[in-house]
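Student: What follows is a structure written as structure tokens; I'll ask about it next.
The values are calculated or read from the model by the stated rules, or taken from the named source; none is laboratory data. Here the structure is a predicted model, which means the values were calculated and not measured. Cβ: placed from backbone, ideal geometry, glycine included. Neighbour counts: every protein chain shown.
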């Protein structure tokens, strides 16, 4: 095996909180994914446990991992820590006597099991009847035909304490349908799709962050910036929490906002502010949003892939890479066309070209990041060839970014 591509896709609950991941896997020799490699389950689990570490890949959330019959029946499954993984059984597994007994045994030992990607119909309800008491999750794919009885089947399964996960939710329409059907959890990047609202207005807190950002990247007097921070209590409190987290280790005790500005610097603070605009703690009263974690991941990837492409890259180019990532989802946050937002901000033509048209090196990297999110390994290889870099280098950056996002979230909880 030349190289392992490991990815993860978010799973959200009804409140919009990130509660789990699905771990995705391919090797560089194959166009196929985990569904066509009987050893893939063991490889994924081994990589997460031994090579990368659960903290780096998962943080404190469990991971769904697809497994086939051979892995299900092999005793190696009993050595897997049950607190980290949820085994999602392929729908092609025949429920013979051995399989049913193994499912029952795993359930008794405290393992959580899921059925992956099934159509809810009378045939499948009967097929899985013998194991429904041992199943914790069922994934349904809304690409399949949704019948008039789908919501009835969902209610029947939920009565057995089975949570229904709507998979492949790619837009707000899919999400609305899944919620209407009564699904408990939702998988996909639907939350990153903008819901454009005609004549939308920004929330006051969002405008405050944008105003602070523009003050920081221009030549505004530091006393004026300090005053603006002090006039925005919520943002200031969030800043103080972040500064007092493990991410910083200042020798002297922080005495004021002015002191923070002097110690941290304008550029790091402006970058932090643009991340905070995605945080529901600033705009909507909740602690975290998957959108904020996603944009943090994008900024990590933009900067660090640029360093791989150009090891001698200058700091100003890295700053443009950062803001390409941080602005890439701002239309989703505001519900306004991205082009209209960028007109109101002091952003370079290179960043605008990358965001709006995938132009230049920044545009190539931005497109690569979207391909990484979609787990398009062919596009990742094509990028590697175009810039003459090893696919493994990109893989290492992706994994490091996952770890940094987890650390960032921990710091935000402090």
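Student: Failed condition for residue 96, given (1) surrounded by fewer than 16 Cβ atoms within 10 Å (Cβ to Cβ); (2) touching a strand residue (DSSP E or B) at 6+ places or on another chain (Cβ under 8 Å), with all others met?
Tutor: With respect to (1) surrounded by fewer than 16 Cβ atoms within 10 Å (Cβ to Cβ); (2) touching a strand residue (DSSP E or B) at 6+ places or on another chain (Cβ under 8 Å), residue 96 is out only on (2).
Student: Right, another one. Which residues, counting only those in region 235-262, are surrounded by 14 or more Cβ atoms within 10 Å (Cβ to Cβ) and at pLDDT 75 or above?
Tutor: Correct list: 235, 236, 238, 239, 257, 258, 259, 260, 261.
Student: Moving to a separate point now. Limited to region 156-177, what total is found for residues that are closer than 17 Å to residue 115 by Cβ and at pLDDT 90 or above? Steps first, answer last, please.
Tutor: As a first pass, look at region 156-177 and keep what is closer than 17 Å to residue 115 by Cβ: 156-168.
Restricting the remaining residues to those that are at pLDDT 90 or above gives 156-167.
Counting residues in region 156-177 that are closer than 17 Å to residue 115 by Cβ and at pLDDT 90 or above gives 12.
Student: Please list, ordered by residue number, the helices (runs of 4 or more DSSP H) wholly in region 53-128 having 1 or more residues that are closer than 18 Å to residue 10 by Cα.
Tutor: Values: elements: 54-58, 69-73, 97-108, 122-127.
Where helices (runs of 4 or more DSSP H) fall fully within region 53-128 and carry at least 1 residues being closer than 18 Å to residue 10 by Cα, they are 54-58.
Student: Quick one: which of 331, 371, 349, 364 is out of contact with any strand residue (DSSP E or B) (no Cβ under 9 Å at 6 or more places or on another chain), closer than 21 Å to residue 191 by Cβ and at pLDDT 90 or above? Steps first, please.
Tutor: On the way: 331 fails: at pLDDT 90 or above; 349 fails: closer than 21 Å to residue 191 by Cβ; 364 fails: closer than 21 Å to residue 191 by Cβ.
Only one candidate passes the filter, namely 371.
Student: Modelled with pLDDT under 95 and touching a strand residue (DSSP E or B) at 6+ places or on another chain (Cβ under 6 Å): is that true of residue 324 in this structure? Even if it seems obvious, please write down each step before you answer.
Tutor: On the way: modelled with pLDDT under 95: yes; touching a strand residue (DSSP E or B) at 6+ places or on another chain (Cβ under 6 Å): no.
Considered against the rule, which asks whether it is modelled with pLDDT under 95 and touching a strand residue (DSSP E or B) at 6+ places or on another chain (Cβ under 6 Å), residue 324 comes out as no.
Student: Name the residue, out of 148, 120, that is in contact with a helix residue (DSSP H, G or I) (Cβ under 8 Å, 6 or more places away or on another chain), assigned by TED's automatic domain parsing to the domain that holds residue 177 and at negative phi. Don't jump to the end; show me each part of the working.
Tutor: On the way: 148 fails: in contact with a helix residue (DSSP H, G or I) (Cβ under 8 Å, 6 or more places away or on another chain).
Selected residue: 120, the only one of 148, 120 that is in contact with a helix residue (DSSP H, G or I) (Cβ under 8 Å, 6 or more places away or on another chain), assigned by TED's automatic domain parsing to the domain that holds residue 177 and at negative phi.
Student: Taking only region 318-366 into account, find how many residues are in a helix (DSSP H, G or I) and more than 23 Å from residue 16 (Cβ to Cβ).
Tutor: Final tally of qualifying residues: 27.
Student: What number goes with the only condition from (1) surrounded by fewer than 21 Cβ atoms within 10 Å (Cβ to Cβ); (2) closer than 28 Å to residue 372 by Cβ; (3) touching a helix residue (DSSP H, G or I) at 6+ places or on another chain (Cβ under 9 Å); (4) at pLDDT 85 or above that residue 312 does not pass?
Tutor: It fails just one condition, (3).
Student: Another question, then. Looking at residue 273 and the list (1) modelled with pLDDT of 85 or more; (2) crowded, with 21+ Cβ neighbours inside 10 Å; (3) more than 18 Å from the chain's Cα centre (by Cα), which single condition is not satisfied?
Tutor: In the conditions (1) modelled with pLDDT of 85 or more; (2) crowded, with 21+ Cβ neighbours inside 10 Å; (3) more than 18 Å from the chain's Cα centre (by Cα), residue 273 misses (1) alone.
Student: Return yes when residue 157 is surrounded by 15 or more Cβ atoms within 10 Å (Cβ to Cβ) and either in a loop (DSSP other than H, G, I, E, B) or touching a strand residue (DSSP E or B) at 6+ places or on another chain (Cβ under 9 Å) (or both) and no when it is not.
Tutor: yes
Student: For the list (1) buried (at least 21 other Cβ atoms within 10 Å of the Cβ); (2) touching a residue at least 40 places away in the same chain (Cβ under 8 Å), I need the number of the one condition that residue 178 fails.
Tutor: Unmet condition: (2).
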